[in-house]
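This report refers to the structure that appears directly beneath it.
The values are calculated or read from the model by the stated rules, or taken from the named source; none is laboratory data. What you are looking at is a predicted structure, and each value in this text was computed from that prediction instead of being measured. Cβ placement follows ideal geometry from the backbone for every residue including glycine, while neighbour counts extend to all protein chains displayed.
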Ligand code: SF4
């Protein structure tokens, strides 16, 4: 019980640190990029949320921000980039095009990036406003703190499965 309590507190502290040090990989393909750029300026100031440093290598990032239309040809590239980001990692789908294909109802556009990679937060709108982006960021931070993202849940399931196989699951 004591050990469980200590590791639980430690996990909370680590999640707290993670949520305020987000390193974004901006996968920007289309017009949503204009609104995305607005949040980096002094008016909206994304630095207040600890997420101001973009990283252009997936190996140095933990937040994949998918901004704009994703075509069927780009989808495998997006998946590759997602796989190159170290765990734990988070994904935000920015705008209706990334989330559902938007108004491009044709053969060449992926009708939602969640067909390719898991998404933690969706931002609606065409394009979304900077306020919506900040709102989504706060929502993501809450999910990280609660360990409720795809990546964190997947890790916990793996740990649980491993402990169950080893017979070391704590008795409640
Ligand atoms: S959601 Fe609208 S603004 Fe964003 S990429 Fe699609 S068409 Fe452009």
Inspect all residues belonging to region 72-79 and state whether any of them is away from the ligand (no atom under 13 Å from the Cβ), surrounded by fewer than 16 Cβ atoms within 10 Å (Cβ to Cβ) and under 21 Å from residue 153 (Cα atoms). yes
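I need the full set of residues from region 10-34 which are within 16 Å of the ligand (Cβ to nearest atom) and over 18 Å from residue 59 (Cα atoms), in order please.
Looking only at region 10-34, we keep the residues that are within 16 Å of the ligand (Cβ to nearest atom), and these are 26-34.
Answer for region 10-34, where residues must be within 16 Å of the ligand (Cβ to nearest atom) and over 18 Å from residue 59 (Cα atoms): 29, 30, 31, 32, 33, 34.
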Please give the number of the condition residue 102 fails out of (1) modelled with pLDDT of 95 or more; (2) within 16 Å of the ligand (Cβ to nearest atom). (1)
Which pairs turn up if I take residues in region 6-21 that are under 13 Å from residue 156 (Cβ atoms) and look for partners that are modelled with pLDDT of 90 or more with beta carbon separation below 9 Å, at least 6 apart in sequence or on another chain? 11/147; 15/144; 15/145; 15/146; 15/147; 15/152
Might you check whether a residue that is touching a strand residue (DSSP E or B) at 6+ places or on another chain (Cβ under 9 Å) and without any contact (Cβ under 8 Å) to a residue 12 or more places away in the chain occurs anywhere in region 151-159? no
Considering only region 28-56, how many residues are within 20 Å of residue 139 (Cα to Cα) and either surrounded by 15 or more Cβ atoms within 10 Å (Cβ to Cβ) or in contact with a strand residue (DSSP E or B) (Cβ under 6 Å, 6 or more places away or on another chain) (or both)? 12
Residue list for region 80-100, filter: crowded, with 20+ Cβ neighbours inside 10 Å and farther than 21 Å from residue 135 by Cα: 85
List pairs: first residue in region 32-54 and free of Cβ contacts under 8 Å to residues at least 24 places away in the same chain, second residue more than 16 Å from the ligand (Cβ to nearest atom) anywhere in the structure, Cβ distance under 6 angstrom, at least six positions apart or on different chains. 40/46; 52/46
State whether the residues of region 35-45 include one that is in contact with a helix residue (DSSP H, G or I) (Cβ under 7 Å, 6 or more places away or on another chain), at pLDDT 90 or above, away from the ligand (no atom under 16 Å from the Cβ) and closer than 15 Å to residue 128 by Cα. yes
Subset of region 101-147 [buried (at least 19 other Cβ atoms within 10 Å of the Cβ) and out of contact with any helix residue (DSSP H, G or I) (no Cβ under 9 Å at 6 or more places or on another chain)]: 101, 136
For residue 66, all conditions in the list (1) more than 16 Å from the ligand (Cβ to nearest atom); (2) modelled with pLDDT of 95 or more; (3) closer than 20 Å to residue 135 by Cβ hold save one; what is the number of the exception? (1)
Apart from one, (1) out of contact with any helix residue (DSSP H, G or I) (no Cβ under 6 Å at 6 or more places or on another chain); (2) more than 14 Å from residue 22 (Cβ to Cβ) all hold for residue 95; the odd one out is (1)
